[in-house]
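Beneath this line is the structure, given in structure tokens, with notes to follow.
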Amino acid sequence: MCDTCGCGDPEIVSVELHDRILSGNERTAAHNREHFAAHGVAAINLMGSPGAGKTAVLEATARRLGGWQRVGALAGDLATEHDADRLRKAGIAARSITTGSACHLDAQMVHHALHHFPWRDLDYLFIENVGNLVCPAVYDLGQDVNVVALSVTEGEDKPLKYPVMFRKADLVLITKVDLLPHLPGIRVDALVDALDRVMPRPRYIGISATTGVGIESWVEWLATYRKKSAAVAASIAP
Amino acid sequence: MHEYSIVQSLVDRVDAEVKSRGATTVHRLSIRIGELSGVDPELLMTAYETFRDRTVCERAELDLTIVAARWTCERCGRRIEPGSLLKCEICDRPAILAEGDEIILDRIEMEVP
């Protein structure tokens, strides 16, 4: 009620909030992150275009790590179980997160999937995001690191066109490098220059899931993050 | 097109605020969107216009402020132009994004009885 003149009109108030609109997602992501840290699980959010080779990278990673590291994956997919099926065939525990029409995973979808997936004993949990260079970059899932797969066939200017995605990347896997001899128009130095203009701490590894080039460097890079996760888990253990 | 889910989060946030204050009508929302936030302002406006019907925001105008990306040296604070190498030429240190990744609800103007 307007108190000034007693006219009975309602009062319009301006409420200052300065709140992050996605704070709900960020709270759930923080909750996921606490879970991962408490169990020493290194969680990797793997993003990239449809067809960039995300699933192929995970298959090659599973083959390389299988037997001596416990690897699991959640595979975001609009409509199918194909990626999770491929990953299970490669020998790792995998569960699909079917998003329907949603173009990205969010922290709640990951949290829900964790309730139906034996993730606590894993060394590495890969979260394969929906194939898309835009939307997944906006949503924190609770991961330790963001990795973006970018195939050489996509063109060297992709980082400049999708700066938000590449800014968030801790590592870019330049995939399908075995195809470079067939792509005379693609210059890797131009691709790397584009990454240097959108990533403040540019890190990239050229990789081929077919020939195995770069897989060792990728696994070593993963191991450094795994050690960090294990150290965090040890520091908060009761 | 994640702008619809951003609008859903926005409307949910406004709804919670309206309920906690016993407001009747929301007149205006002011939001801030960074150039490197990953949110497209035009798509967000379209999503808002489509989505606000029959919600607490039905009669609320949306004021949207775009925040340009501002990169600075993490050590000396010198400005680094977007599009250039994201490293300070003097300190050889990586740039940090000082501004430009905001997705923020600043203000709600609402009617309270």
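No lab work stands behind these numbers, since they all come straight from the coordinates. Since the model is a prediction, treat every value here as computed from it, not as a measurement. Virtual Cβ from ideal backbone geometry, glycine too; neighbours counted across all protein chains shown.
Have a look at the DSSP beta bridges in chain A and tell me what percent are antiparallel, nearest 5.
Values: 1 of 30 bridges.
Antiparallel bridges: around 5 percent, rounded to the nearest 5.
Coordinate range of the alpha-carbon atoms in region A:37-157 per principal axis, descending: 39, 30, 25 Å.
Only bridges whose two residues both fall in chain B count here: according to DSSP, what percent of them are antiparallel, nearest 5? Don't skip to the end; give the middle numbers.
Details: 15 of 22 bridges.
Bridges in chain B are about 70 percent antiparallel.
Once the Cα atoms are used to define both axes, helix B:3-21 deviates from the longest principal axis of chain B by about 60 degrees. Counting Cβ atoms of other protein chains within 10 Å of each residue's Cβ and taking the mean over peptide A:156-165 gives 2.
Taking 8 Å as the Cα distance limit and 6 or more residues as the minimum spacing, I'd like the relative contact order of region B:1-102 as a percentage. Present the calculation step by step, with values, prior to reporting the outcome.
Details: 159 pairs, mean separation 30.4, N = 102.
It rounds to 30 percent for region B:1-102.
Per the Kirkwood treatment, what hydrodynamic radius in Å, one decimal, follows for region A:7-93 from the mean inverse distance over all distinct Cα pairs?
On the way: mean 1/r = 0.0600 Å⁻¹.
16.7 Å is the Kirkwood radius here.
Based on the reciprocal of the average 1/r between different C-alpha atoms, the Kirkwood radius for region B:3-111 equals 15.5 Å. Between the C-alpha center of region B:1-77 and that of region B:90-113 there is a gap of 12 Å. Reported to the nearest whole Å, the Cα centre-to-centre distance from region A:163-196 to region A:207-225 is 16.
Computed per residue of the protein assembly as shown from DSSP H runs no shorter than four, each worth -39500 (n - 2.57), the mean residue ellipticity at 222 nm is -10000 deg cm²/dmol.
With N residues in chain A, what two-decimal value do you get for its Cα radius of gyration over 2.2 N^0.38 Å?
Numbers: Rg = 20.9 Å, N = 238, 2.2 N^0.38 = 17.6 Å.
Compactness ratio reported: 1.19.
When each of B:45, A:165, A:199, A:109 is scored by the number of other beta-carbon atoms lying within 10 Å, the sequence from fewest to most is B:45, A:109, A:199, A:165.
The C-alpha atoms of chain A define a longest principal axis, and helix A:54-65 lies at about 60 degrees to it.
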